[in-house]
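As structure tokens, the structure follows; a few thoughts come after it.
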Amino acid sequence: MTDDALETRRLGEYGFYVMPLSILLKEAEAFLNIDADTSRILGETQSVSRSSQGVHPEEAAVLYGLTRLVKPGLVLETGTFEGYSTAEIARAIGNNGFGRLETVDISCETGLMVPEELHNVVTFRRGMSSADLSQIFASQSETIDYFFHDSEHTYENALGELITFAPFFSAGALIVCHDAKMDFLPDFGVGRAIRDFAQVLDLNYMILDTTCGLALLQWPERDDRQHLDDGLATLWNMLQRTRSEHLLVNRVQRLWRFVKGG
């Protein structure tokens with residue numbers, strides 16, 4: 001893909017229109033209420049590598065731009081995979097002059113696209129994001145300024161991660177979720193998870209028109225702890241009901257296969 005392609009409204013591979021990168025960055029800037037030199041950031045994105053490993057090129061460029069816009073102290077990414085998005089977030093952190101990135105994946109063969117010179121700002125972790133990292137953050141005083149969900153894209157996992165890491169979000173933290181437009185695919189539910197999370201907690205959100213959709217949410221600047229705790233409890237109950245329903249459906253399906261086989 002050429003640089004011009006990132007500046008052209010085009011039809012993506014899934015039939016969704018992909019907006020020009022300059023518009024995507026301007027929309028993000030307006031949503032976050034940040035007054036920044038997006039033209040300079042747009043120029044910097046020309047060095048974003050052109051790959052299709054996990055995220056698409058315009059999505060990697062947006063992730064880079066978001067990191068430059070919000071200048072986070074700590075970024076958490078779930079779902080490292082080959083490290084395409086990891087590398088661009090880390091490169092933006094390096095250009096910011098401060099900050100670090102924690103990235104986690106269940107596979108040990110991840111992060112291969114992250115250049116050695118960026119490893120000083122990246123901590124690679126292996127494990128289940130919600131189970132393992134939540135214990136680490138609970139023992140630390142740091143909060144998460146920028147959260148990027150790109151692990152398993154089921155409704156249960158996406159909502160589970162948002163609920164799990166919510167207590168560690170800093171005031172005004174940026175929350176980004178990949179594949180927010182892909183709920184039409186089997187077992188995908190990120191878009192629904194975002195809508196439920198935002199609705200219950202009274203958060204504003206938007207979905208950028210990238211190839212697969214990048215959802216943006218912003219954690220409240222003022223921490224209304226009681227309201228947030230009540231909302232997270234509601235979301236947890238919703239998640240548990242969904243899991244119970246899926247278990248029941250799976251049992252019925254197994255029984256049906258057994259009956260047909262018999």
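The values are calculated or read from the model by the stated rules, or taken from the named source; none is laboratory data. Quick caveat: nothing in here was measured; it's all calculated off a predicted structure. Note that we place each Cβ from the backbone using ideal geometry, even for glycine, and neighbour counts take in every protein chain shown.
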Quiz item: Listed residues 81, 16; which is crowded, with 18+ Cβ neighbours inside 10 Å and either modelled with pLDDT under 90 or of a type in the set (Lys, Arg) (or both)?
Solution: 81
Quiz item: Counting only residues that are of a type in the set (Gly, Ala, Ser) and touching a strand residue (DSSP E or B) at 6+ places or on another chain (Cβ under 7 Å), which one in region 22-76 is nearest to residue 92 (Cα to Cα)?
Solution: 73
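Can you name the residue in region 60-80 that is outside any strand (DSSP E or B) and of a type in the set (Ser, Thr, Tyr) and, of all such residues, is farthest from residue 48 (Cα to Cα)?
For region 60-80, the residue satisfying everything is 80.
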Exercise. Tell me, yes or no, whether region 98-117 has at least one residue that is modelled with pLDDT of 95 or more, part of a helix (DSSP H, G or I) and under 24 Å from residue 218 (Cα atoms).
Key: no
Self-check item: Tabulated pairs, region 29-51, first within 14 Å of residue 69 (Cα to Cα), second among the acidic types (Asp, Glu) and crowded, with 17+ Cβ neighbours inside 10 Å, C-beta under 8 angstrom, 6+ apart or interchain
Solution: 35/29; 36/29; 38/29
Exercise. Filter region 123-162 down to the residues that are surrounded by 15 or more Cβ atoms within 10 Å (Cβ to Cβ) and of a type in the set (Ser, Thr, Tyr), then identify the one that is nearest to residue 235 (Cα to Cα).
Key: 155
Quiz item: Across region 139-179, what is the number of residues that are more than 17 Å from residue 102 (Cα to Cα) and among the small types (Gly, Ala, Ser)?
Solution: 4
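How many residues are in a loop (DSSP other than H, G, I, E, B), touching a residue at least 12 places away in the same chain (Cβ under 8 Å) and over 15 Å from the mean Cα position of the chain (by Cα) if we restrict to region 81-97?
1
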Exercise. Report yes if some residue within region 44-61 is farther than 25 Å from residue 145 by Cβ, crowded, with 17+ Cβ neighbours inside 10 Å and either of a type in the set (Val, Ile, Thr) or modelled with pLDDT of 95 or more (or both); otherwise report no.
Key: no
Self-check item: Filter result (farther than 27 Å from residue 135 by Cβ, among the acidic types (Asp, Glu) and buried (at least 18 other Cβ atoms within 10 Å of the Cβ)) within region 163-204
Solution: 183
Quiz item: Filtering region 217-239 down to residues that are closer than 25 Å to residue 178 by Cβ and out of contact with any helix residue (DSSP H, G or I) (no Cβ under 7 Å at 6 or more places or on another chain), which residue is modelled with the lowest pLDDT?
Solution: 221
Quiz item: Could we say that residue 111 is on the phi > 0 side of the Ramachandran plot and surrounded by 15 or more Cβ atoms within 10 Å (Cβ to Cβ) here?
Solution: yes
